[in-house]
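Here the structure comes first, spelled out in structure tokens, and everything after it is commentary.
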Amino acid sequence: MGQSVFGQLLIAAIPGLPALAFFVLALSGRYVKEAAQFVAIFAVAPALIFSVFALLDVADVIGADGAVPIEFAVNWIDLGEGGSFPIGVYIDGLAAVMLVVVCFVSLMVQLYSGAFMEDDKRFAWYYAVLNLFTASMLGLVLAPNFIELYIFWELVGLCSYLLIGHWFEKPSAAKAAQKAFIVTRVGDAALFIGIIIFWRATGTTSYQGISEAAQAGFIGGSVLTAAIILVFVGAIGKSAQFPLHVWLPDAMEGPTPVSALIHAATMVAAGVYLVGRTYEIFVQSPTAMLVVAYIGGFTALMAATMALTKKDIKRVVAYSTVSQLGYMMLALGIGAFTEGFFHLYNHAFFKALLFLGAGSIIYAMNSYNMFEMGGLRRRMPITFWTMVIAGLSLAGIFPLAGFWSKDAIVAATFVDHYYVLFGMALLTVFLTAFYIFRAIFVAFMGEPRTEGAREAVDPPGIMTGPMVILAFLAIVSGWIGIPEGFGLGIRDYFAEFVEPGEFVEGTLALEPHSFSFMMAALSVVVALGGIALAYALYVPKPERAASLARKFPGVYTFLDRGWYFDDLYRVLFVRPAIALGRFVRQFDRRALGGLVTGIGRGTSGLGEKLRPLQSGGAQNYILFILASVLVLGVIVGAQYAFLTVALIAGISLIAVAVGGRL
């Protein structure tokens, strides 16, 4: 499929079809109206089919020419002796899996959105941007070099801004979109600087070319580490890792299906994918790898604590995303490449399901506050059971999908002797199980707390259908990565297909992590402990949780305010930036504006003074010309007189000096 012209066209169509749908809907949205959903779906569905063919081709299942991996490019910008910038495609196992995940989750979200957004006045525009978002992420995945990646990287950021601020009439949505755009720009600027350093040192922006140049010694030491960390800061921004995590919870102001796409398969997955795509470069700096690992471990634990006290059901799931992305970064930082991406793959399904489940409740009740819910288990059985499945998978309960990848990461930290990270990961397992089932128990158990909860029903089939499909995948998607040591005689297909290159394996001396029943049992017991605690605090006697919050008000407020990061950033960055902006505005208005206005008024006044001179008499104009010539003559004569005197004085001084010597 990949190397023939026809195959290349099919691969180009993977991002091309959603991009085409964007242009069609953006230009004709007012005419197609409700049919916008069908235009969008008929673009994404073929892209998914072509992605599956690409995956099978890379796996050498259907490839007539054994295209492993698929790779082709054309020259885009020729700089002569300064090199060139090609644009092309690179699909290995990692990219092939990501293509399928992005297209599949996007398709589920677009099916679901038809009912959720049916009354929206910008229905067609919503679908247009949703398709551009999908196309941008697919282009990012296919990119074989930093320049091409950066173009799609910025498009992903633009689309997130447009979708988070879709309901921009709400001040909170407009501010959330601005916050996401500005915070991620910090990471994007760092990424761009890192790319420039790599290009200046190696003469290329190709991932493989930079890796080989670093191996050859063209870039190394502190320069290499600095460039890698700058690239990682870009990943921190997109994947909402500490300290640039603050934008993601506020992004919940956008439509809930958008949240599912952002959190499961596009924007936040881009940062993790970037680290994995450039892994051969990262492993050449042990310092950078440790930074990745500890930033990930700390983020996982920090975000899990922040989710403990939230009342907004979408924000609980949002902090869960930040935490799970931390798991993935932790895995990549300690060299557990396959384990980290196995979790990204599984996470896409159960996290999309959690957001769609939350959207189902919001659709039925028009409320985000889970303490206004209650008793929904009987009113919304499909939503209840699908969210329970997603919650169990997120908590890592055997044998659901999340168990296999979460256990692999926890076991890797222990086996590789990262005991501090192991403690962070295990504590995060407990907290994750607690906060997600806190939300499920509060929303679905007990008696309805409001009239909306008493009247809630499951949404229409166009919304529950994608939820059921995702629930099935939240159970079985991890089964393709069951480790061989588990004893079932099943091949670990994921580890065979998504694996680091030979250079990485040689550098890190990687060995497949064998399955540990002891570690698996420990992590499951810890997760069950979190679920049991959530049940004890919120089901039999809900007042226990309220009493606990009253006993420790400082801790509760600290967690509820997100460790005061927003307050800190407001003091350190937002207020000084606003003050600087006001100063610049006043300086522009009063100083520069006054100067320009003064010059204009002075010129106008001078013109008024000179107006009487324009009498229209030729004799007056001749007199003025003669007077002007006379003045110029006097000035020129004075200059020559001055030069003459200066010349005579100079000659006299020279003569005196010569005479003195004689």
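Screening A318, A304, A352, A300 for residues that are open to solvent by less than 10 Å² (accessible area, probe 1.4 Å), closer than 23 Å to V231 by Cβ, in a helix (DSSP H, G or I) and in contact (Cβ under 8 Å) with a residue 12 or more places away in the chain leaves exactly one candidate, A300. Give segment 219-232 a look and list any residue that's surrounded by fewer than 23 Cβ atoms within 10 Å (Cβ to Cβ) and within 18 Å of M267 (Cα to Cα), or say none. None; the set is empty.
For the residues S514, S523, the requirement of being of a type in the set (S, T, Y), under 30 Å from A412 (Cβ atoms) and at pLDDT 85 or above singles out S523.
Here R277 fulfils each of the conditions (1) open to solvent by 10 Å² or more (accessible area, probe 1.4 Å); (2) in contact with a helix residue (DSSP H, G or I) (Cβ under 9 Å, 6 or more places away or on another chain); (3) farther than 28 Å from S323 by Cβ apart from (3). Considering the conditions (1) open to solvent by less than 10 Å² (accessible area, probe 1.4 Å); (2) under 12 Å from the mean Cα position of the chain (by Cα); (3) modelled with pLDDT of 90 or more, L244 is excluded by exactly one of them, (1). Remark: D588 matches the filter, which requires a residue to be among the charged types (D, E, K, R) and either at pLDDT below 90 or surrounded by 13 or more Cβ atoms within 10 Å (Cβ to Cβ) (or both). The criterion of at least 1 residues that are small (G, A, S) and touching a helix residue (DSSP H, G or I) at 6+ places or on another chain (Cβ under 6 Å) is met by the following helices (runs of 4 or more DSSP H) wholly inside segment 465-573: 493-497, 517-538, 543-551. Scanning segment 355-384 for residues that are of a type in the set (F, W, Y), more than 25 Å from F398 (Cβ to Cβ) and not in a loop (DSSP other than H, G, I, E, B) yields Y363, F371. Residue-level analysis places A527 among those that are in contact with a Gly (Cβ under 6 Å, 6 or more places away or on another chain), within 24 Å of F441 (Cα to Cα) and small (G, A, S).
Checked against (1) over 27 Å from Y363 (Cα atoms); (2) open to solvent by less than 10 Å² (accessible area, probe 1.4 Å); (3) out of contact with any Phe, Trp or Tyr (no Cβ under 7 Å at 6 or more places or on another chain); (4) not acidic (D, E), G396 passes all but a single condition, namely (3). The set of residues in segment 23-66 that are farther than 19 Å from Q110 by Cα, among the small types (G, A, S) and either at pLDDT 90 or above or open to solvent by 80 Å² or more (accessible area, probe 1.4 Å) (or both) comprises A54, A64.
Of the residues in segment 139-153, none is in contact with a Cys (Cβ under 7 Å, 6 or more places away or on another chain), open to solvent by 10 Å² or more (accessible area, probe 1.4 Å) and of a type outside the set (V, I, T).
The values are calculated or read from the model by the stated rules, or taken from the named source; none is laboratory data. Since the model is a prediction, treat every value here as computed from it, not as a measurement. Note that we place each Cβ from the backbone using ideal geometry, even for glycine, and neighbour counts take in every protein chain shown. Side chains are part of the model used for accessible areas, which takes the heavy atoms of the whole protein and leaves out ligands, DNA and RNA. Shrake-Rupley method; radii C 1.70, N 1.55, O 1.52, S 1.80 Å.
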